[in-house]
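Chemist: My questions all concern the structure below.
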Amino acid sequence: MWPLCWIEEDTRVIPIGLGSGRHYIEGFFAPGDTGRAMKGGMAALRIDAVSGGPRSLVFELTAPPAGGELRVTGPRGHVVVSSSVDSGRRLVSGVVPAGALADGENRFIVMWRSAAQGPAGGMAIREAWVNPVGEGKLSYVDYDSLRDDLHIGAGASVEVFLVPDRKASLGFRTRGDGVAAIEVAHDGHEPEMVLVKDAASRPLKCSVPVPTRKNSNLMGVRLMTTERSLTSWSNVVFSGLASPEWMVIPSASPGRSRADPLRSSNILVYVVDTVRRDHLQIYGYDRPTTPYLADHVNEWSIWDNCQSLSSWTRPSTATILTGLDPIAHGAITEASSLAPGVPSIWDPYRLKGWEVAYLTTNDHVDTRWGFARNVDFYRHFETSPIRRTIHLAADSLHLAFLAWLDHRESPERPFFAYLHATDPHGPYTPPKDLIPLFYPEGCPSIESISSERLKLMVCPGNVEPWERDAAEALYDAEIAAWDGEFARLLRELDGRGILEKTVILLTSDHGEEFGEHGSFSHGLTLYREQLEVPFLARIPGVGGTRRHEPVDHRDVPGLLGWIMEDHDQLWTPPMRPNRPSHLSLRGFEKARLQTDEFALIWHTCPIGSCGIPVPEFELFLKDSAETADVADHHAVLCRAGRAMLDGWIRSAAYSEPRSLDERTMDHLRLLGYITDE
């Protein structure tokens, strides 16, 4: 993803954090310095001409005294390695699953987070590819430290890797309802089953000799629960080890699996345009914008920290529908389309028999721009100046979707549907009966704000003091109108017996600004109010949960895959030390780098919207309002961030720009993206 440290296939060493030379601010590499990192450091690994799979990726690393965390993600977001590592030399292995590698270039992200502060937080790491030997090769999936009590669910296993001597043995206790089993595999040899015991009747205590081989210096021991529900392993002790270094790697997350498989469920991905997260009741807003969602919050898994990777529709929606960041999918300007060959999130489901429907009310995501490839049903409802809302309202969009459902030739087939509603997008023209719920007292009474007026409000000095409150009230009423229509859609699905057979993902493509940084609307800046969006999932058979870890729109395919593969209820998104966002619209380009510690905005052009000069950098350190710019005090951090963002942008998968015909120009004018000036 980031061209920080490219390692060719025949190169085996990534020198992270060790060696002499100047250290740079944590999390960054100085230009030309491809090996050194501090706390939060990251390198990129590129493997060329690798195809097929599965492949095992083995790391031998030397960690500093305080230890730290190693995480490696594959080219399609698979977590290859996730390891908490103590100090000293360690061997860590990960598997790249079948189908995860592409012919040609495959990029992996190697991330290291030290438990220490400062220069001691680096590590040295050596990597090598290993071809699995036979079907019985141990699968290296995830990592956890050994606890006093291991709970292994049915079908799950825990693998321990160690270097034994000739008299190695394993002692332990088990209890529970499962069948306890131990399997041993030496590198390059078929696995051997050394114990199968029924742990249901009584606790089991035993010591098992571990077979060794002269020509193997690494052994994997798998503790399994092969049947029934659960086995608890305690007092697990290894003796007769040639090396004290060993680790535990669960092949499946312990926990309760869902009772009902969802592999044949329907999927509905629903995007409601222009909804900022902090204007929804379920995220703490004090106005009744989403009464339906608030009343049914116990049915939804809700993520509190989701970010869009752009502040206007085409690039952000393309990320939702591909799982790629804007630079990777290429649909980033008014004249650019999805890059050729970019897959859609429904492609693997369609190959397995799902029927795919695509319905949109936004012109930015129609077939002209490479969207809706490989679908079975497509409807695009164009914008029109004669409509009250310009866009087709959600009630009509939902009726079109329900009509398709009711007239499918093969209703027994599962479906994958994408719906894009645009009601909250400007112009703000909500139903009149909802306006009094939100309109402020003492404010001049208006019932709408036109596209023409919004174009003028974009520039500072063109807004009356009362207009901000009026605009926000009308926007809230638009969201409330959509919430009512969304409630009716779900009731219609329930009445057809479809709702409880359908996984629903709900999000927005971007947010909206109301003068927080001197402007209105969206697609002008990369501040939080234009990037922070809702992210919810309704999963049949799973109650409501609240999740706080950071996610972004690239995680949609991964979340769907987890849901449909019948894993337990603890989906963990990929750990990303920073999240980039990009904006290229109206002739201006900006990029943003978001971490846990700061947000950096890089303006590539010294002139912003409305002809107003802008600084090259804006830097906010844990500033939720993003109003205290401290870029002048952190020049090195800004330059390092610029180097990362510039390399990211230069890797763009741009499609061939197409000319903007008069129809497209009219659409852009209607939405306020361009003017005739």
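The values are calculated or read from the model by the stated rules, or taken from the named source; none is laboratory data. Model, not experiment: these values are computed from the prediction. Please note: Cβ atoms are built from the backbone with ideal geometry, for glycine as well, and neighbour counts cover all protein chains shown. Areas reflect the complete protein model, heavy atoms only, side chains present, ligands, DNA and RNA absent. Shrake-Rupley method; radii C 1.70, N 1.55, O 1.52, S 1.80 Å.
Chemist: If you bin every alpha carbon distance in segment 446-604 into 5 Å steps from zero, what whole percent lands in each bin?
Modeler: 1, 7, 13, 16, 15, 15, 13, 11, 7, 3, 1
Chemist: Over the heavy atoms of Asp198, what accessible area does a 1.4 Å probe trace out, to the nearest 10 Å²?
Modeler: Surface open to solvent at Asp198 totals about 80 Å².
Chemist: Another question about this same structure. Find the percent of Cα-Cα distances in segment 307-346 that exceed 11 Å, and round it to a whole number.
Modeler: Every Cα pair in segment 307-346 considered, those over 11 Å come to 55 percent.
Chemist: Moving on. Using Cα-only point scatterers and the Debye equation, what is log10 of I(q)/I(0) for segment 265-364 at each q in 0.21, 0.22 Å⁻¹, rounded to two decimals?
Modeler: -1.21, -1.24
Chemist: Another question, then. Please work out how much length the chain gains when fully extended from Tyr283 to Val614, using 0.36 nm per residue of separation minus the C-alpha to C-alpha distance, in nm with one decimal.
Modeler: This chain segment gains 115.9 nm when fully extended.
Chemist: I've got another one for you. Which whole-number percent is the relative contact order of segment 494-540 (Cα, under 8 Å, 6+ apart)?
Modeler: Relative contact order for segment 494-540 comes out at 48 percent.
Chemist: Give me the number: length gained by fully extending Thr595 to Ala635, i.e. 0.36 nm times residue separation minus the C-alpha to C-alpha distance, one decimal in nm.
Modeler: That works out to 12.7 nm of additional length.
Chemist: Relative contact order (percent) for segment 468-597, with alpha-carbon contacts under 8 angstrom and 6 or more residues of separation?
Modeler: Once normalised by length, the contact order is 19 percent.
Chemist: Still on this structure, I have one more. Give me the one-decimal nm value for the distance between modelled label points at Asp433 and Glu409, 7 Å along each residue's Cα-to-Cβ direction.
Modeler: Modelled inter-label distance: 4.2 nm.
Chemist: Moving to a separate point now. Quick one: pull the percentage of alpha-carbon pairs in segment 476-546 with a separation above 14 Å.
Modeler: 71
Chemist: While we're on this one: With N set to the residue count of segment 341-498, report its C-alpha Rg divided by 2.2 N^0.38 Å to two decimal places.
Modeler: Compactness ratio reported: 1.25.
Chemist: Using just the alpha carbons, could you tell me how many Å³ per residue the convex hull of segment 507-561 encloses?
Modeler: 105
Chemist: Sticking with this one: Once you have the Cα-Cα distance between Val196 and Ala66, take 0.36 nm times their residue separation minus that, and quote the gain in nm to one decimal.
Modeler: 42.9 nm
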